[in-house]
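The values are calculated or read from the model by the stated rules, or taken from the named source; none is laboratory data. Just so you know, these numbers come straight off a predicted model, no measurement behind them. Note: ideal-geometry Cβ built from the backbone for every residue, glycine included; neighbour counts use all protein chains shown.
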Amino acid sequence: MPPRFRFVLLPRLVSFLTLLLALSPAGTPSSADAPHPLSRSFASGERLTYAISWMGITAASAVLEVTPAPPQQGHTMLRLLSTATSSPLVTKFYPVDNRVESLVDADTLSPQRLLFRRREGKRKNDFDVTFHHAQGTVLGIKDGQPFTIAIPPGTQDSISCLYYVRSVPSLQPGFSQVMTVHHDKKNYRLEVRIEGIEKVKGPWGEVEAIRALAIMPFQGIFLNKGNIRVWFTNDARRIPVKMKAKVIIGSIVANLVEGFHAPSSS
């Protein structure tokens, strides 16, 4: 792989892993399954830091963070924040500084507003999307241009979907869930399948983890299917300790390096 292409490839996949859905569709999404009852596995104050690498090269770091937000119409709210920045080496060739902020209902994890800021090389995109679930629409502005798009019931955004999956109680082998995710003026079909339970090692030790496969049956960037595997701790916290996506050559891996804490004993 030519060096220049390699350095462009690495940071472009930062968003691919941390947002799960920076992809292009190749068909019409089907309807999603009925939503499952939730048992929230995370709390305000959680901050998870990941090292993102490709074939042993550290490409970037990413942070997933949960913070409190002002209540809206009597509902408790949470702010889900994802940031991704390229490593110093990659920055010399292709700087990346992305930020995604999702405001969600703390009880239902239904997204209310998404702020998306992408800075990748010379590419710049800004989205501001408001979800009106009762009306079945999203109202947004992309790069200064307003738009309105219909959405089906239960639609998630490109960051809230990860936290929604973490909070489904029945994550056991054989479980499958289809949901609709709205991102960048499009509605995507996302299927999550639980493949198995296995041991995963990291700087925080060894844990039992649930291996989930996120299936997006449409063409993604670099002409590969957009399948991503995520390993969640097999406990009440469901911490995503590892994420992995195959690309044309090798795989991109995001490993948790900071933010893991042993569960408190009762």
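Data overview
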quantity	calculated
Count of residues meeting criterion [modelled with pLDDT of 90 or more and not hydrophobic (A, V, I, L, M, F, W, C)] in the range 49-60	2
Residue tally, condition in contact with a helix residue (DSSP H, G or I) (Cβ under 6 Å, 6 or more places away or on another chain) and farther than 10 Å from Leu109 by Cβ, over the range 147-183	2
First in the range 82-104 and under 23 Å from His182 (Cβ atoms), second anywhere and at pLDDT 90 or above and assigned to a loop (DSSP other than H, G, I, E, B), Cβ under 7 Å, 6 or more apart	Val104/Ser110
Tabulated pairs, the range 41-52, first touching a residue at least 12 places away in the same chain (Cβ under 8 Å), second assigned to a loop (DSSP other than H, G, I, E, B) and exposed (fewer than 13 other Cβ atoms within 10 Å of the Cβ), C-beta under 7 angstrom, 6+ apart or interchain	Ser41/Ala236
Of residues in the range 141-195 being at negative phi and acidic (Asp, Glu), the one surrounded by the fewest Cβ atoms within 10 Å (Cβ to Cβ)	Glu195
Among (1) surrounded by 15 or more Cβ atoms within 10 Å (Cβ to Cβ); (2) at pLDDT 90 or above, the one test that Ser86 misses	(2)
Strands (runs of 3 or more DSSP E) fully within the range 146-264 counting 1 or more residues that are within 16 Å of the chain's Cα centre (by Cα), under 19 Å from Ala60 (Cα atoms) and modelled with pLDDT of 90 or more	228-233, 240-246, 251-258
Pairs where the first residue, in the range 164-193, is under 19 Å from Arg113 (Cβ atoms) and hydrophobic (A, V, I, L, M, F, W, C) and the second is assigned to a helix (DSSP H, G or I) and at pLDDT below 90, C-beta under 7 Å, 6+ apart	Met179/Cys161; Val181/Cys161
Number of positions in the range 141-192 that are within 30 Å of Glu208 (Cβ to Cβ) and out of contact with any strand residue (DSSP E or B) (no Cβ under 9 Å at 6 or more places or on another chain)	2
Residues satisfying the stated conditions in the range 94-135, i.e. outside any strand (DSSP E or B) and exposed (fewer than 13 other Cβ atoms within 10 Å of the Cβ)	Asp107, Lys122, Ala134, Gln135
